[in-house]
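A short write-up of the structure that comes next.
The values are calculated or read from the model by the stated rules, or taken from the named source; none is laboratory data. Owing to the predicted nature of the structure, the values given are computational and were not obtained by experimental measurement. Counting neighbours? That spans all protein chains shown, and the Cβs are built from the backbone with ideal geometry, glycine included. Please note that ligands, DNA and RNA were not included when accessible areas were found on the heavy atoms of the full protein model with its side chains. Shrake-Rupley method; radii C 1.70, N 1.55, O 1.52, S 1.80 Å.
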Amino acid sequence: MKSIEDYVHLEPKYYEAVLQNYADLFDNQIAQINHNITNVVIYATGSSSNAAYGALPFMSNILKMPVKIEEPSIAENYLLHVEPNSLCIAISQGGHSYSVVKIIQRLQDAGNTVFALTSELDSPVGKVCQHVLDMGMPIEEMPYVSAGYSVEILDLMLLAMLIAQKTGKLSSVEFTKLLAEIKSIVLKMPEVINSASNWVENNISNFATAKRLVFIGYGAAYGVSREGETKTTEAVRINSWGKELEEYMHGPYLGLNADDFIICIDPMGKLHDRMDLLKQFLNKHVKNVYTIYAGKDENATADDLSLGITTSELLASLFMTVPVHLLAYKLSQVKKIDLQHSAYPDFDQITASKI
């Protein structure tokens, strides 16, 4: 079975495949979308939800309309009303999520059109949804997804671009320019993976002493911080938080412990200066404060990681999760955690969270 690290190294290949085939993957379904849509609602949980948050700022900017993310279980049980002319997108990479299957059924029964994004077309999600979008990558063997999370971000960005182009909100010239910028990021992915691998190796002995990891991001990097919490909890099985910058500054900072390990995810965008102010505070009270920068920053320390990509902050989620996934994997190996077998094999049997 491939590991999280194996799938991280496969991300450039999967990205390239999606970029080569996005028209075949999405055009037929896009043609069925109501061109009078006024908002987008994404239903996702776990890493798929994190991926949606990584794509959300880009999608809203390109589509020029509200985009929101809802937990499928809450929506299905308490928030079923959907505004007219909403575009509903349900995401489940493996296609077996109980809550995603249920929200698709309830929405369709209520007369709403739902588009499901999955890599397993023959899954329960693929079978129940009337409009299925192929993610464009093979089913991920490792239960703790990494490449699939990243491909979901790219898929959502491309879907937003295609819809914006068809609804006249994005010109062909603008579409081509954006596509070229994304392709340039993909070309640099091997360098990003190499830099991230070296950073993890250089710092793994220190991270191995952590009792709690706190990931703080903003904008598109908020999704990265959420994924840091998810993957660290899943793979390393220690206490972990993933917070948005301002959210952390409005309460959670009061739970700060001197032995916390803080990882700031900085896409070097609008809130870069706010992040610097927070780090001034953190460095007074915590020994282990790290920053992962999208590009290069003159204030970076020897312990920080600069991924060296100068691009729109809205695209940063395409590559900034690489070090987070590698860190979670390497820590799991140091702690001798077997990721191929569930720590609680009776969980799905009892809860039926997966169909």
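Here is how the numbers come out for the structure above:
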| read-out | value |
| --- | --- |
| Charge dipole magnitude, Cβ of K and R +1, D and E -1 - the chain, Cα centre, debye nearest 20 | 360 debye |
| Positive-end residue, the chain charge dipole about Cα centroid, Cβ charges, pick of 89, 178, 272 | 272 |
| Cβ-Cβ FRET estimate between residue 201 and residue 68, R0 fixed at 41 Å, reported to 0.05 | 0.55 |
| Cα-based Kirkwood hydrodynamic radius, segment 130-180, one decimal, Å | 12.6 Å |
| Inter-part distance where segment 42-105 and segment 256-307 are each reduced to a Cα centre, Å | 31 Å |
| In Å², nearest 10: area of residue 9 left accessible to a 1.4 Å probe | 100 Å² |
| Accessible area in square angstrom per residue, the chain, 1.4 angstrom probe | 43 Å² |
| Size of charge dipole - segment 190-335 - debye, nearest 20, with Cβ of Lys, Arg +1 and Asp, Glu -1, no other charges | 460 debye |
| Accessible-area order (highest first, 1.4 angstrom probe) of the listed residues 98, 218 | 98, 218 |
| Förster radius 25 Å - calculated FRET efficiency between residue 281 and residue 238 (Cβ-Cβ, nearest 0.05) | 0.60 |
| Cα centre as origin, Lys/Arg/Asp/Glu Cβ charges: segment 1-41 dipole, Debye | 100 debye |
| For segment 4-170: lysine pairs under 28 Å (alpha-carbon distance), excluding those fewer than 8 apart on one chain | 10 |
| Rounded tilt (10° steps) of 272-285 against the dominant C-alpha axis of the chain | 40 degrees |
| Surface share of carbon and sulfur [accessible, 1.4 angstrom probe, percent] for segment 258-355 | 51 percent |
| Gain in span if fully extended, residue 343 to residue 180, counting 0.36 nm per residue against the direct Cα distance | 54.4 nm |
| Calculated [θ] (222 nm, deg cm²/dmol) that DSSP helices of n ≥ 4 give over the chain, each run adding -39,500 (n - 2.57) | -16000 deg cm²/dmol |
| Antiparallel bridge percentage (DSSP; both residues within the chain; nearest 5) | 5 percent |
| Spread of Cα-to-Cα distances over 10 Å intervals beginning at zero, given as percent, for segment 257-355 | 13, 34, 27, 18, 8, 0 |
| Relative intensity, log₁₀ I(q)/I(0), of the chain from a Debye sum that treats every alpha carbon as a point, q = 0.15 Å⁻¹ | -1.34 |
| Cα-based helix-to-principal-axis angle, 322-334 vs the chain, degrees rounded to 10 | 60 degrees |
| Full-extension gain in nm, residue 191 to residue 254, via 0.36 nm per residue minus C-alpha separation | 18.9 nm |
| Value of relative contact order over the chain, rounded to a whole percent, pairs C-alpha under 8 Å and six or more apart | 20 percent |
| q = 0.17 Å⁻¹: log10 I(q)/I(0) that the Debye formula gives for segment 4-170, counting C-alpha atoms only | -0.99 |
| Within the accessible area of segment 4-170 (1.4 Å probe), percent carbon and sulfur | 47 percent |
| Longest site-free stretch - the chain; sites: GluC sites (Glu not before Pro), DSSP loop, at most 15 other Cβ within 10 Å | 142-297 |
| Two-site label geometry, residue 13 and residue 310: point separation in nm, points 7 Å out along Cα→Cβ | 3.3 nm |
| At 1.002 mPa s and 20 °C, Stokes D of segment 190-335 from Kirkwood alpha-carbon radius, µm² per second | 144 µm²/s |
